[in-house]
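Have a look at the structure that comes next, please.
The values are calculated or read from the model by the stated rules, or taken from the named source; none is laboratory data. Quick caveat: nothing in here was measured; it's all calculated off a predicted structure. Positions of Cβ are backbone-derived with ideal geometry, glycine not excepted, and every protein chain shown enters the neighbour counts. Protein only, heavy atoms only, side chains kept; ligands, DNA and RNA dropped before computing areas. Shrake-Rupley method; radii C 1.70, N 1.55, O 1.52, S 1.80 Å.
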Amino acid sequence: MTIPPLQSTAPPTRYKKPNYHLLHALPLPLSVTPLPPLIPHNPLSLVHIIIAYLFPPNSSHPSPLHKGFFHTSTRSVHITDQETIKAFWNHGFFGKGNLSRSEPTWVTRRRRALGVIGRDEALTAEEVTERRRGERKEFKKERARLEKEKRDKQLAEEGKLNLEGSEDQEGAASGSSSSPARAVHFAPLESPSSRRRSLERPVADVEDIEHLQLTLEEAFFLSFGLGVLELIDADTNKKIPQKDVLPLFRAHTYFPAQNPQSSFEPDDPFMLSYVVYHHFRSLGWVVKPGVKFAVDYLLYNRGPVFSHAEFGVQILPAYSHPHWANDKSRKEGQELRPWHWLHSINRVSSQVKKTVILVFVEVPPPLDDDEEIDLVDLLARYRVREVALRRWVVSRNRD
(Lines give C-alpha, C1' and ligand atoms only; values in the text may rest on other atoms or scores of the structure.)
Protein backbone atom coordinates (compact mmCIF):
# COMPACT_ATOMS: atom_id res chain seq x y z
CA MET A 1 0.00 0.00 0.00
CA THR A 2 1.44 3.33 -1.06
CA ILE A 3 0.71 6.56 0.70
CA PRO A 4 0.45 9.64 -1.50
CA PRO A 5 2.98 12.33 -0.67
CA LEU A 6 1.86 15.32 1.33
CA GLN A 7 1.22 18.31 -0.86
CA SER A 8 3.57 21.17 -0.11
CA THR A 9 2.16 24.63 0.29
CA ALA A 10 3.76 27.73 -1.14
CA PRO A 11 6.44 29.21 1.11
CA PRO A 12 5.43 32.40 2.91
CA THR A 13 6.42 35.69 1.41
CA ARG A 14 9.65 37.06 2.86
CA TYR A 15 9.46 40.80 3.30
CA LYS A 16 12.66 42.71 2.92
CA LYS A 17 13.66 44.46 6.10
CA PRO A 18 16.10 47.35 6.42
CA ASN A 19 19.73 46.56 7.12
CA TYR A 20 19.50 46.90 10.91
CA HIS A 21 23.16 46.01 11.40
CA LEU A 22 24.14 49.06 9.35
CA LEU A 23 21.32 51.29 10.59
CA HIS A 24 22.08 50.61 14.27
CA ALA A 25 25.84 50.23 13.98
CA LEU A 26 26.61 52.81 16.68
CA PRO A 27 25.53 51.82 20.21
CA LEU A 28 25.34 55.45 21.37
CA PRO A 29 24.64 58.80 19.66
CA LEU A 30 28.35 59.64 19.60
CA SER A 31 30.85 59.77 16.74
CA VAL A 32 33.79 57.49 17.41
CA THR A 33 37.06 57.88 15.48
CA PRO A 34 39.37 54.84 15.64
CA LEU A 35 43.00 55.39 16.54
CA PRO A 36 45.74 54.52 14.06
CA PRO A 37 47.21 51.02 14.40
CA LEU A 38 50.25 50.46 16.57
CA ILE A 39 53.18 49.00 14.66
CA PRO A 40 55.81 47.60 17.09
CA HIS A 41 58.77 47.93 14.72
CA ASN A 42 57.81 51.50 13.72
CA PRO A 43 58.18 54.02 16.56
CA LEU A 44 56.48 56.74 14.51
CA SER A 45 53.17 54.88 14.79
CA LEU A 46 53.11 55.75 18.49
CA VAL A 47 53.46 59.41 17.58
CA HIS A 48 50.50 59.11 15.22
CA ILE A 49 48.39 57.60 18.00
CA ILE A 50 49.27 60.40 20.42
CA ILE A 51 48.46 63.08 17.84
CA ALA A 52 45.15 61.44 16.92
CA TYR A 53 44.25 61.13 20.61
CA LEU A 54 45.10 64.71 21.56
CA PHE A 55 43.84 66.33 18.35
CA PRO A 56 40.97 64.24 16.97
CA PRO A 57 39.86 65.19 13.44
CA ASN A 58 36.16 65.17 14.37
CA SER A 59 34.35 65.90 17.60
CA SER A 60 32.56 62.99 19.23
CA HIS A 61 29.62 65.21 20.26
CA PRO A 62 27.18 66.86 17.87
CA SER A 63 27.45 70.58 17.29
CA PRO A 64 25.11 72.11 18.24
CA LEU A 65 23.81 69.74 20.88
CA HIS A 66 20.48 67.99 20.49
CA LYS A 67 17.58 69.76 22.19
CA GLY A 68 14.81 68.26 24.29
CA PHE A 69 11.82 69.94 25.92
CA PHE A 70 10.87 68.98 29.45
CA HIS A 71 7.10 68.88 30.03
CA THR A 72 5.77 68.87 33.56
CA SER A 73 2.38 67.54 32.41
CA THR A 74 3.81 64.27 31.08
CA ARG A 75 6.94 64.22 33.29
CA SER A 76 9.05 63.39 30.30
CA VAL A 77 11.28 65.02 27.69
CA HIS A 78 9.91 65.50 24.17
CA ILE A 79 12.12 65.44 21.07
CA THR A 80 10.54 67.08 18.04
CA ASP A 81 13.48 67.46 15.64
CA GLN A 82 13.51 64.63 13.10
CA GLU A 83 17.29 64.36 12.93
CA THR A 84 17.51 64.13 16.71
CA ILE A 85 14.80 61.46 16.75
CA LYS A 86 16.73 59.37 14.24
CA ALA A 87 19.98 59.84 16.14
CA PHE A 88 18.54 58.81 19.51
CA TRP A 89 16.56 55.83 18.19
CA ASN A 90 19.05 54.48 15.65
CA HIS A 91 22.00 54.89 18.01
CA GLY A 92 20.93 53.38 21.31
CA PHE A 93 17.13 52.95 21.05
CA PHE A 94 16.38 55.84 23.38
CA GLY A 95 12.75 56.80 23.98
CA LYS A 96 9.58 55.77 22.16
CA GLY A 97 7.14 57.37 19.75
CA ASN A 98 4.17 58.91 21.50
CA LEU A 99 1.86 57.51 18.77
CA SER A 100 3.64 54.17 18.33
CA ARG A 101 4.39 51.13 20.45
CA SER A 102 8.15 51.60 20.31
CA GLU A 103 9.86 52.99 17.20
CA PRO A 104 8.29 56.27 16.00
CA THR A 105 6.63 55.01 12.81
CA TRP A 106 3.23 56.71 12.94
CA VAL A 107 3.77 58.78 9.81
CA THR A 108 4.75 55.71 7.77
CA ARG A 109 1.71 53.75 8.88
CA ARG A 110 -0.56 56.74 8.26
CA ARG A 111 0.82 57.32 4.77
CA ARG A 112 0.22 53.67 3.92
CA ALA A 113 -3.34 53.83 5.25
CA LEU A 114 -4.08 56.88 3.06
CA GLY A 115 -2.45 55.33 0.00
CA VAL A 116 0.46 57.73 -0.24
CA ILE A 117 2.88 54.78 -0.27
CA GLY A 118 2.31 51.23 -1.40
CA ARG A 119 1.36 48.27 0.74
CA ASP A 120 4.87 46.80 0.70
CA GLU A 121 6.88 50.03 0.68
CA ALA A 122 8.95 51.17 3.67
CA LEU A 123 7.72 48.44 5.98
CA THR A 124 8.39 49.02 9.66
CA ALA A 125 9.60 46.34 12.05
CA GLU A 126 6.17 46.09 13.68
CA GLU A 127 4.44 45.60 10.32
CA VAL A 128 6.91 42.95 9.18
CA THR A 129 6.46 41.05 12.43
CA GLU A 130 2.66 41.26 12.22
CA ARG A 131 2.61 39.97 8.64
CA ARG A 132 4.93 37.11 9.39
CA ARG A 133 2.81 36.06 12.34
CA GLY A 134 -0.29 36.06 10.15
CA GLU A 135 1.45 34.02 7.46
CA ARG A 136 2.73 31.57 10.06
CA LYS A 137 -0.79 31.15 11.42
CA GLU A 138 -2.25 30.48 7.96
CA PHE A 139 0.59 28.07 7.16
CA LYS A 140 -0.14 26.05 10.29
CA LYS A 141 -3.85 25.89 9.43
CA GLU A 142 -3.10 24.65 5.92
CA ARG A 143 -0.60 22.12 7.21
CA ALA A 144 -3.14 20.78 9.71
CA ARG A 145 -5.76 20.48 6.96
CA LEU A 146 -3.42 18.54 4.67
CA GLU A 147 -2.37 16.22 7.47
CA LYS A 148 -6.02 15.51 8.28
CA GLU A 149 -6.75 14.69 4.64
CA LYS A 150 -3.76 12.36 4.60
CA ARG A 151 -4.92 10.54 7.73
CA ASP A 152 -8.49 10.22 6.45
CA LYS A 153 -7.33 8.84 3.12
CA GLN A 154 -5.07 6.30 4.80
CA LEU A 155 -7.89 5.16 7.11
CA ALA A 156 -10.23 4.90 4.11
CA GLU A 157 -7.78 2.64 2.28
CA GLU A 158 -7.56 0.46 5.39
CA GLY A 159 -11.35 0.27 5.57
CA LYS A 160 -11.59 2.04 8.90
CA LEU A 161 -13.28 5.18 7.62
CA ASN A 162 -15.99 5.88 5.06
CA LEU A 163 -15.20 9.16 3.43
CA GLU A 164 -18.54 9.38 1.58
CA GLY A 165 -20.54 8.78 4.75
CA SER A 166 -18.53 11.30 6.72
CA GLU A 167 -18.94 13.90 3.97
CA ASP A 168 -22.73 13.29 3.91
CA GLN A 169 -22.89 13.64 7.68
CA GLU A 170 -20.87 16.84 7.58
CA GLY A 171 -23.13 18.23 4.85
CA ALA A 172 -26.27 17.32 6.78
CA ALA A 173 -24.88 18.85 9.96
CA SER A 174 -23.91 22.02 8.20
CA GLY A 175 -27.33 22.16 6.49
CA SER A 176 -29.24 21.66 9.73
CA SER A 177 -27.23 24.28 11.58
CA SER A 178 -27.25 26.81 8.78
CA SER A 179 -28.97 30.09 9.40
CA PRO A 180 -31.95 31.25 7.28
CA ALA A 181 -31.15 32.87 3.96
CA ARG A 182 -30.57 36.58 3.98
CA ALA A 183 -30.71 39.06 1.15
CA VAL A 184 -27.34 40.07 -0.26
CA HIS A 185 -26.95 43.57 -1.67
CA PHE A 186 -24.26 44.11 -4.26
CA ALA A 187 -22.48 47.40 -4.79
CA PRO A 188 -22.91 49.11 -8.15
CA LEU A 189 -20.30 48.45 -10.78
CA GLU A 190 -17.49 50.96 -11.12
CA SER A 191 -16.53 52.48 -14.40
CA PRO A 192 -12.92 52.11 -15.60
CA SER A 193 -12.32 55.84 -15.13
CA SER A 194 -13.48 55.83 -11.48
CA ARG A 195 -11.43 52.69 -10.78
CA ARG A 196 -8.38 54.38 -12.28
CA ARG A 197 -8.90 57.44 -10.09
CA SER A 198 -9.19 55.25 -6.97
CA LEU A 199 -5.87 53.57 -7.76
CA GLU A 200 -4.08 56.89 -8.14
CA ARG A 201 -2.13 57.92 -5.05
CA PRO A 202 -3.02 61.18 -3.35
CA VAL A 203 -0.69 64.07 -4.03
CA ALA A 204 -0.82 65.60 -0.55
CA ASP A 205 1.61 64.13 1.95
CA VAL A 206 1.02 63.52 5.66
CA GLU A 207 2.40 65.87 8.29
CA ASP A 208 4.42 64.08 10.96
CA ILE A 209 2.90 65.05 14.32
CA GLU A 210 4.68 62.37 16.32
CA HIS A 211 7.50 63.14 18.74
CA LEU A 212 9.99 61.01 20.62
CA GLN A 213 9.26 60.71 24.31
CA LEU A 214 12.17 60.18 26.71
CA THR A 215 11.82 59.04 30.29
CA LEU A 216 13.54 61.10 32.96
CA GLU A 217 16.26 58.46 33.35
CA GLU A 218 16.97 58.40 29.62
CA ALA A 219 17.04 62.18 29.39
CA PHE A 220 19.40 62.51 32.36
CA PHE A 221 21.71 59.85 30.94
CA LEU A 222 21.87 61.65 27.59
CA SER A 223 22.38 65.01 29.29
CA PHE A 224 24.73 64.12 32.14
CA GLY A 225 26.19 60.75 31.16
CA LEU A 226 26.87 61.46 27.48
CA GLY A 227 26.55 65.23 27.23
CA VAL A 228 24.65 65.18 23.91
CA LEU A 229 21.30 66.60 25.05
CA GLU A 230 20.43 70.16 26.02
CA LEU A 231 17.27 70.40 28.12
CA ILE A 232 14.79 73.26 27.71
CA ASP A 233 11.79 74.03 29.88
CA ALA A 234 8.72 73.75 27.65
CA ASP A 235 6.73 76.25 29.77
CA THR A 236 9.30 79.07 29.77
CA ASN A 237 11.30 78.02 26.68
CA LYS A 238 14.52 78.61 28.64
CA LYS A 239 17.53 76.36 28.95
CA ILE A 240 17.74 74.30 32.14
CA PRO A 241 21.23 74.50 33.72
CA GLN A 242 22.92 71.16 34.27
CA LYS A 243 23.09 71.68 38.02
CA ASP A 244 19.30 72.12 38.17
CA VAL A 245 18.40 69.04 36.14
CA LEU A 246 18.85 66.49 38.92
CA PRO A 247 16.75 68.36 41.56
CA LEU A 248 14.08 68.99 38.92
CA PHE A 249 13.84 65.32 37.92
CA ARG A 250 13.91 64.14 41.53
CA ALA A 251 11.04 66.47 42.36
CA HIS A 252 8.86 65.25 39.49
CA THR A 253 9.16 61.56 40.36
CA TYR A 254 6.74 62.22 43.22
CA PHE A 255 3.03 62.79 42.84
CA PRO A 256 2.22 65.54 43.29
CA ALA A 257 5.53 67.05 42.29
CA GLN A 258 7.62 68.52 45.08
CA ASN A 259 9.62 71.71 45.20
CA PRO A 260 13.00 71.25 43.45
CA GLN A 261 14.64 73.41 46.12
CA SER A 262 13.65 71.03 48.93
CA SER A 263 15.99 68.40 50.32
CA PHE A 264 15.59 64.85 49.06
CA GLU A 265 16.27 61.54 50.72
CA PRO A 266 18.99 59.29 49.26
CA ASP A 267 16.38 56.61 48.50
CA ASP A 268 14.04 58.75 46.43
CA PRO A 269 12.60 56.94 43.36
CA PHE A 270 14.60 58.79 40.73
CA MET A 271 18.00 58.15 42.31
CA LEU A 272 17.33 54.42 42.70
CA SER A 273 16.04 54.02 39.15
CA TYR A 274 18.76 56.15 37.57
CA VAL A 275 21.58 54.37 39.40
CA VAL A 276 20.35 51.07 37.98
CA TYR A 277 19.78 52.58 34.53
CA HIS A 278 23.26 54.10 34.42
CA HIS A 279 24.78 50.84 35.69
CA PHE A 280 23.39 48.67 32.90
CA ARG A 281 23.85 51.28 30.19
CA SER A 282 27.51 51.56 31.09
CA LEU A 283 27.79 47.78 30.69
CA GLY A 284 26.48 47.95 27.11
CA TRP A 285 22.88 46.83 27.64
CA VAL A 286 19.92 48.54 25.98
CA VAL A 287 17.60 49.44 28.87
CA LYS A 288 13.88 49.94 28.24
CA PRO A 289 10.89 50.31 30.61
CA GLY A 290 9.43 46.96 31.70
CA VAL A 291 6.01 47.87 33.09
CA LYS A 292 4.41 45.55 30.51
CA PHE A 293 5.97 42.55 32.27
CA ALA A 294 5.59 43.82 35.87
CA VAL A 295 9.28 44.76 36.22
CA ASP A 296 11.14 48.06 36.29
CA TYR A 297 13.43 47.56 33.27
CA LEU A 298 14.00 45.20 30.36
CA LEU A 299 17.53 44.44 29.17
CA TYR A 300 18.22 43.91 25.47
CA ASN A 301 21.52 42.59 24.21
CA ARG A 302 21.60 44.85 21.13
CA GLY A 303 18.14 46.32 20.77
CA PRO A 304 14.44 45.55 20.24
CA VAL A 305 14.81 45.07 16.47
CA PHE A 306 17.40 42.31 16.86
CA SER A 307 15.96 40.07 19.58
CA HIS A 308 13.59 39.95 22.52
CA ALA A 309 14.64 41.16 25.94
CA GLU A 310 16.58 38.51 27.85
CA PHE A 311 16.23 39.86 31.39
CA GLY A 312 13.70 41.72 33.49
CA VAL A 313 15.13 43.98 36.20
CA GLN A 314 13.41 44.58 39.53
CA ILE A 315 14.87 47.34 41.72
CA LEU A 316 15.01 46.74 45.48
CA PRO A 317 16.52 49.24 47.95
CA ALA A 318 18.89 47.76 50.53
CA TYR A 319 19.50 49.46 53.88
CA SER A 320 22.57 47.63 55.13
CA HIS A 321 24.42 50.79 56.23
CA PRO A 322 24.54 51.22 60.04
CA HIS A 323 22.73 54.54 59.66
CA TRP A 324 19.49 52.69 58.80
CA ALA A 325 19.76 50.09 61.55
CA ASN A 326 17.03 51.66 63.70
CA ASP A 327 14.78 52.77 60.83
CA LYS A 328 12.18 49.98 60.89
CA SER A 329 9.73 51.83 58.65
CA ARG A 330 12.10 51.70 55.70
CA LYS A 331 13.21 48.12 56.31
CA GLU A 332 9.70 46.77 56.69
CA GLY A 333 8.02 49.01 54.16
CA GLN A 334 10.50 48.99 51.25
CA GLU A 335 13.14 46.35 51.83
CA LEU A 336 10.83 43.47 52.78
CA ARG A 337 8.39 42.16 50.18
CA PRO A 338 5.75 39.41 50.45
CA TRP A 339 6.43 36.03 48.87
CA HIS A 340 3.41 36.13 46.55
CA TRP A 341 4.70 39.39 45.02
CA LEU A 342 7.98 37.75 44.06
CA HIS A 343 6.22 34.60 42.87
CA SER A 344 3.92 36.62 40.60
CA ILE A 345 6.79 38.53 38.96
CA ASN A 346 8.81 35.36 38.47
CA ARG A 347 5.85 33.55 36.95
CA VAL A 348 5.08 36.33 34.46
CA SER A 349 8.73 36.56 33.38
CA SER A 350 9.10 32.81 32.99
CA GLN A 351 6.03 32.66 30.75
CA VAL A 352 7.69 35.07 28.31
CA LYS A 353 11.10 33.35 28.61
CA LYS A 354 12.84 36.07 30.59
CA THR A 355 15.08 35.83 33.62
CA VAL A 356 14.33 38.05 36.60
CA ILE A 357 17.28 40.05 37.92
CA LEU A 358 16.83 41.39 41.44
CA VAL A 359 19.00 44.51 41.69
CA PHE A 360 19.71 45.56 45.27
CA VAL A 361 20.77 49.20 45.51
CA GLU A 362 22.72 49.96 48.68
CA VAL A 363 21.30 53.24 49.94
CA PRO A 364 23.97 55.51 51.47
CA PRO A 365 23.31 57.69 54.53
CA PRO A 366 22.02 61.22 53.87
CA LEU A 367 24.40 64.10 53.51
CA ASP A 368 24.74 66.91 56.02
CA ASP A 369 22.92 70.14 55.35
CA ASP A 370 26.11 72.13 54.81
CA GLU A 371 27.88 69.39 52.84
CA GLU A 372 28.20 69.88 49.10
CA ILE A 373 29.19 67.06 46.80
CA ASP A 374 29.79 66.68 43.10
CA LEU A 375 27.28 64.72 41.04
CA VAL A 376 29.87 62.10 40.10
CA ASP A 377 30.78 61.57 43.74
CA LEU A 378 27.09 61.44 44.65
CA LEU A 379 26.47 58.55 42.26
CA ALA A 380 29.65 56.82 43.46
CA ARG A 381 28.14 56.51 46.96
CA TYR A 382 25.61 53.95 45.67
CA ARG A 383 26.41 50.26 45.30
CA VAL A 384 24.56 47.74 43.11
CA ARG A 385 24.22 43.99 43.68
CA GLU A 386 22.58 41.65 41.15
CA VAL A 387 20.84 38.35 41.88
CA ALA A 388 19.45 36.20 39.05
CA LEU A 389 16.20 34.41 39.86
CA ARG A 390 14.80 31.50 37.88
CA ARG A 391 11.51 29.67 38.33
CA TRP A 392 11.93 25.97 39.09
CA VAL A 393 9.44 23.89 37.11
CA VAL A 394 9.21 20.19 37.98
CA SER A 395 8.44 19.01 34.45
CA ARG A 396 11.38 20.96 32.96
CA ASN A 397 13.98 20.53 35.70
CA ARG A 398 13.36 16.91 36.62
CA ASP A 399 16.83 15.76 35.61
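For segment 297-399, report the convex hull volume of the alpha-carbon atoms normalised per residue, in Å³, without decimals.
It comes to 154 Å³ per residue, whole-number rounded.
Between LEU30 and HIS323, how high is the FRET efficiency from 1/(1 + (r/R0)^6) when r is the Cβ-Cβ distance and R₀ = 41 Å? Nearest 0.05.
0.60
A follow-up question, please. Give me the Kirkwood hydrodynamic radius of segment 38-169 in Å, from all C-alpha pairs, to one decimal place?
After inverting the pairwise mean of 1/r, the radius is 21.9 Å.
What number comes out for accessible area per residue over segment 263-398 if the probe is 1.4 Å? Units Å², please.
On the way: 7960 Å² over 136 residues.
Result: 59 Å² per residue.
Then there's this: With a 1.4 Å probe and every protein chain kept in, tell me what percent of the accessible surface of segment 263-398 is carbon plus sulfur.
Taking all protein chains in place, segment 263-398 shows 52 percent carbon and sulfur surface.
Under 5 Å between amide H atoms, partner at least 5 residues away or on a different chain: which partners does ILE232 have, H built in plane at 1.01 Å?
GLY68, PHE69, PHE70, ILE240
May I pose another question? Using Cα pairs closer than 8 Å and at least 6 residues apart in sequence, work out the relative contact order for segment 263-398, in percent.
23 percent
Another question about this same structure. Provide the gained length on full extension for the span GLU332 to SER102, in nm with one decimal, where the gain is 0.36 nm per separating residue minus the Cα-Cα distance.
79.1 nm
Can you pull out the trypsin sites (Lys or Arg not before Pro) in segment 344-384 that DSSP calls coil and that have at most 10 other Cβ atoms within 10 Å?
LYS353
Counting Lys +1, Arg +1, Asp -1, Glu -1, what net charge surrounds THR80 among other residues with beta carbon under 12 Å of its beta carbon?
Around THR80, the surrounding residues sum to -3.
Between LYS153 and VAL291, what length in nm is gained on full extension when 0.36 nm per residue of separation is reduced by their alpha carbon distance?
Net length gain for the segment: 44.6 nm.
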